[in-house]
Amino acid sequence: MAPVFASASSSIRRAALAGFLGLLATAAQAQTISSFSPQGGVTGTQITITGLALGNTSAVLLNGQPMPIVSKGTTQVTVKIPAAASSGKILLVSTVSGVSTSAVSSNVLFATRTSAGVYLPQVGTAAVIAAAGTTAGQYSTPTFADLNNDGAQDLLVGYSDGTIKSYTFNSAAGTFGAGVNLTNTTGNTVFTTVAGTAGSYAKPTATDLDGDGLLDLIVGTGTNQTLARYEQTTAGGTAFGAQQLLTASYTNTPTSFFNIDMGYNYPRPVVTDLDGNGKLDLIVGDDNGMLARFEQLDNTTNAGKFSTLTTSTTAAFSYLKLANGTTIDVGNTSKPQVTDLDGDGKIDLLVGTRTGYVQRYEQSVTNGVAFNDLGTVAYTNTNTAIKVGTAGTDNNYAAPAIGDVDGDGVEDLAIGSNDGAVMRFEQVAATPTPLPVVLTSFGGQATPAGVKLSWITAQEKNSAAFYVERSADGKIFATVGEVAAAGNSTTARSYQFLDAGAAGTRYYRLRQVDQDGTTDYSAVVVVSSQATVAGPGAAAYPNPFVDALYVALPAGTEPQAAHAELLNLAGQPIFSAKLQLQATPQPLSGLPALTPGIYVLRLTTAAGTTTVQRLVRR
C-alpha cells in the first residue's frame with residue numbers, strides 16, 4: 001500500500017502546487033479596459049466596463065471621485081456616474097493578496113448635466129449649517145462625500161479648531177441633521193495636529209487615493225502648512241486611521257521624498273486628473289493666492305507620493321496658469337474646487353477668495369493644464385456675484401464645494417466662510433452644452449483586403465477629423481489613416497476605413513480631433529487576421545502612380561488567369577477586370593479617373609491565391 005499512499009500524496013502536492021501557481025497567475029494578470037458603454041450620461045447613469053481580469057476590482061474612479069460599483073465579474077464591471085462628476089478617463093484598480101494594479105480607459109467618459117446653468121441662486125435665506133455655539137471665527141470649509149455608501153452625499157465641514165463634522169441631508173424635511181464629529185486614531189476629533197504640534201483650520205477633500213475602496217480624507221492642516229491623509233478604517237464608517245503626511249519629490253527622477261510643506265498657511269487641497277493619464281493631480285491653494293499642482297507617482301503602491309512637476313532641486317512648486325501663460329492668482333487665500341459646471345467636457349476650477357467671492361476658471365482644452373478666466377460665479381442672470389461671509393469685511397475666506405445633496409441631478413454649490421456658516425446655492429435650469437462627439441460604436445473586422453474598421457457617431461459638434469491609429473503591442477500607436485468628420489450633426493453617421501494588408505493581431509483606436517484642436521481617443525479594439533497568401537508574387541507598378549498602372553508576374557512565371565479588383569479605403573470596389581497575368585507587364589485597361597489618395601489592389605488567380613498591394617495615386 002505504501003506506493004499507492006505515496007502516489008496519492010504526490011498527486012495532492014502536485015494539485016496544490018498547480019492551484020498555487022494558478023493563483024499566482026491570476027494575481028499577476030493585470031486587468032485591461034477594452035471599452036465601456038454608454039459613452040457618458042448624467043449623475044446615476046450606469047456604465048458597463050468591459051475588459052479582462054476585472055473580477056478583483058476594488059475601486060473605479062472618475063477624476064478622483066469613486067464610482068459606485070453595482071456589479072462585477074471577470075469581463076465586466078458596472079458602475080454609476082457619481083454626483084458632480086467631471087468628464088475624464090476611467091481609472092480601475094484591482095487588488096489581489098494586497099497587491100494592487102490599475103488600468104485606465106483610452107477614451108473619455110462624458111459626465112453630462114440635466115441642468116447646466118452657470119449661475120446659481122441661493123437656496124433658502126439663512127445659513128444651511130452653522131457651527132455649534134458661536135459662529136464667529138469658525139472658518140468653515142465644506143466638501144462632499146458618500147461616507148456610508150448609501151448613494152447619497154454627505155456634507156463634510158472642516159473648522160478652525162481642526163475638527164471635521166459630517167452632516168446628512170434629510171430629503172423629506174429638506175434640511176441637514178446634527179453634525180457628527182469624524183474621528184481619527186492620531187488626534188481623536190482633531191485632524192490638523194502634526195508631530196505633536198497643534199494645527200488649525202481643517203480643510204478637507206475626499207477621494208480614494210489608492211483605489212482600495214476606502215475613502216481617504218486629504219486635509220490641509222492650517223498653520224502647520226502640510227497635507228495630512230487619513231483613510232477610513234472600515235467602508236461606510238465615520239472613523240479614520242492614522243495620519244500619513246503626503247510627500248513629494250522635487251526632481252524629474254524621484255528618489256528622495258519630503259513632506260509637502262506649502263510654505264504658506266491654510267492649504268486647501270482638491271484632487272482631479274487634469275491631463276487624463278490616470279494619475280491623480282493634487283491641486284492646492286493657500287495664503288499666497290495661487291494654485292500648486294502635484295501629480296501622483298502612481299495610483300496604487302505609491303499613492304501618497306507625488307511629483308511637483310518641476311525640475312528644481314529645491315522646494316519649488318508648479319503653479320497652474322492661464323492660456324496666456326499668466327499664473328492664476330486670486331490675491332490671498334485661494335480655496336479651489338473642481339467640477340464640470342456646464343457639462344462641456346472641460347474641468348472647471350471654482351476658487352474661493354479671501355474677499356468672499358468665487359472665481360471660475362475652465363480648461364482651455366480637454367485634458368489640458370491651462371485655463372481660461374470666466375469671471376466671478378454669480379447667482380442671477382444679471383451676473384450679480386455671490387459673496388459670503390461677515391458683512392462689512394473682506395476677510396471672508398470663501399470655501400466652495402460642489403455636490404448634489406438632494407439627489408435631483410442638479411449641482412449644489414456649498415460655500416463656507418469666516419462666520420462658520422455654510423450657504424447653499426443650486427444651478428438654475430439651463431440646456432446642457434452638446435458634447436463635441438458622441439461615439440456609439442467602434443469595431444474592426446478582418447477581410448481578404450485587410451482590416452475593415454467601422455464606427456458610428458450619434459452626434460457631432462465642430463468635429464474636424466478621425467485619425468485611425470494602429471499598434472502591434474497595444475502600447476505604441478502610429479497613425480495609418482485619416483477620415484474627415486461631419487463637422488456638425490445631430491443624426492447618426494457611419495464611417496469606415498480599410499487598413500490593407502494588416503496581418504496578425506493588431507490594436508486600433510480612433511483619435512478624434514475637433515476644429516479647436518481638442519483631442520479625444522476611443523476605446524482600443526483588437527483584430528486578428530491571417531497574412532494574405534501571395535501566390536505567384538504578382539505586383540503592380542509604378543507605386544506611387546499617376547495615370548497608367550501596370551501588373552506583372554515575376555520573370556519566368558507561367559501565365560495564368562486572374563481577377564483584378566481595386567478598392568478605396570472604405571473597402572468599396574471601384575474597378576474590376578479579368579486578365580491573363582504574365583511576366584510581361586500589361587496595363588489595367590479601363591481604369592477610371594482616380595482622385596489622389598490611397599487604394600488597395602487585390603489580384604486573385606484561378607487557383608484561389610491572392611495578392612494584396614497598397615497603392616498611392618498622386
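The values are calculated or read from the model by the stated rules, or taken from the named source; none is laboratory data. Bear in mind the structure is a predicted one, so any value in this text is a computation, not a measurement. Neighbour counts are summed over all protein chains in view; Cβ atoms, including those assigned to glycine, are modelled from backbone coordinates with ideal geometry. Surface areas here come from the heavy atoms of the whole protein model, side chains and all, with no ligands, DNA or RNA. Shrake-Rupley method; radii C 1.70, N 1.55, O 1.52, S 1.80 Å.
Some notes on this structure:
- Whether a residue is surrounded by fewer than 21 Cβ atoms within 10 Å (Cβ to Cβ) and at pLDDT 90 or above was assessed, and L214 passes this test.
- Filter result (in a loop (DSSP other than H, G, I, E, B), of a type outside the set (D, E, K, R) and in contact with a Gly (Cβ under 9 Å, 6 or more places away or on another chain)) within the stretch 274-292: L274, G276, L280, N288, G289
- Test: T141 is farther than 27 Å from V70 by Cα and touching a Pro at 6+ places or on another chain (Cβ under 8 Å): yes
- Within the stretch 503-522, tally of residues that are buried (at least 20 other Cβ atoms within 10 Å of the Cβ) and at pLDDT below 75: 1
- Residue match in the stretch 335-342 (condition: in a loop (DSSP other than H, G, I, E, B), among the β-branched types (V, I, T) and open to solvent by less than 40 Å² (accessible area, probe 1.4 Å)): no
- Filtering the stretch 35-50 to residues that are open to solvent by less than 50 Å² (accessible area, probe 1.4 Å), assigned to a strand (DSSP E or B) and either under 23 Å from G343 (Cβ atoms) or at pLDDT below 90 (or both) leaves S35, F36, G40, G41, I47, T48, I49.
- Condition met for G481 (modelled with pLDDT under 75 and either open to solvent by 70 Å² or more (accessible area, probe 1.4 Å) or touching an Asp or Glu at 6+ places or on another chain (Cβ under 9 Å) (or both)): no
- Any pair with Cβ under 7 angstrom, 6 or more apart, that starts in the stretch 462-477 at a residue that is more than 13 Å from G504 (Cβ to Cβ) and free of Cβ contacts under 8 Å to residues at least 60 places away in the same chain and ends at one that is in a loop (DSSP other than H, G, I, E, B) and of a type in the set (F, W, Y): E469/F477
- In this structure, F497 does not qualify as within 21 Å of the chain's Cα centre (by Cα) and not acidic (D, E).
- For the stretch 200-209, taking the residues that are open to solvent by less than 30 Å² (accessible area, probe 1.4 Å), touching a residue at least 60 places away in the same chain (Cβ under 8 Å) and part of a loop (DSSP other than H, G, I, E, B), the one that is farthest from V422 (Cα to Cα) is identified as L209.
- Subset of the stretch 234-251 (residues that are out of contact with any strand residue (DSSP E or B) (no Cβ under 8 Å at 6 or more places or on another chain) and either open to solvent by 20 Å² or more (accessible area, probe 1.4 Å) or part of a strand (DSSP E or B) (or both)): T234, A235, G236, T251
- Here V271 clears all of (1) surrounded by fewer than 16 Cβ atoms within 10 Å (Cβ to Cβ); (2) assigned to a strand (DSSP E or B) except the condition numbered (1).
- Residues (outside any loop (DSSP other than H, G, I, E, B) and over 16 Å from the mean Cα position of the chain (by Cα)) located in the stretch 51-84: G51, L52, T57, S58, I69, V70, S71, K72, Q76, V77, T78
- Considering the stretch 83-92, and only residues there that are within 20 Å of N277 (Cα to Cα) and at pLDDT below 90, the residue that is most open to solvent (accessible area, probe 1.4 Å) turns out to be K89.
- Scanning the stretch 51-80 for residues that are among the small types (G, A, S) and open to solvent by 50 Å² or more (accessible area, probe 1.4 Å) turns up just one, S71.
- Enumeration of residues in the stretch 440-454 that are touching a Ser or Thr at 6+ places or on another chain (Cβ under 7 Å) and crowded, with 23+ Cβ neighbours inside 10 Å: V451
- Figure legend. Inter-residue proximity from the stretch 61-78: first residues more than 22 Å from Q296 (Cβ to Cβ) and without any contact (Cβ under 8 Å) to a residue 12 or more places away in the chain, second residues of a type outside the set (D, E, K, R) and open to solvent by less than 50 Å² (accessible area, probe 1.4 Å), beta-carbon distance below 7 Å, spacing 6+ or different chains. Indicated pairs: S71/T78.
- Per the conditions (1) out of contact with any Lys or Arg (no Cβ under 6 Å at 6 or more places or on another chain); (2) more than 25 Å from A145 (Cβ to Cβ), the sole criterion not satisfied by Q445 is (1).
- Restricting the stretch 569-602 to residues that are at positive phi and either in a strand (DSSP E or B) or modelled with pLDDT of 80 or more (or both), the residue that is surrounded by the fewest Cβ atoms within 10 Å (Cβ to Cβ): G590
- Members of the stretch 344-382 that are assigned to a strand (DSSP E or B), open to solvent by less than 30 Å² (accessible area, probe 1.4 Å) and acidic (D, E): D348, E362
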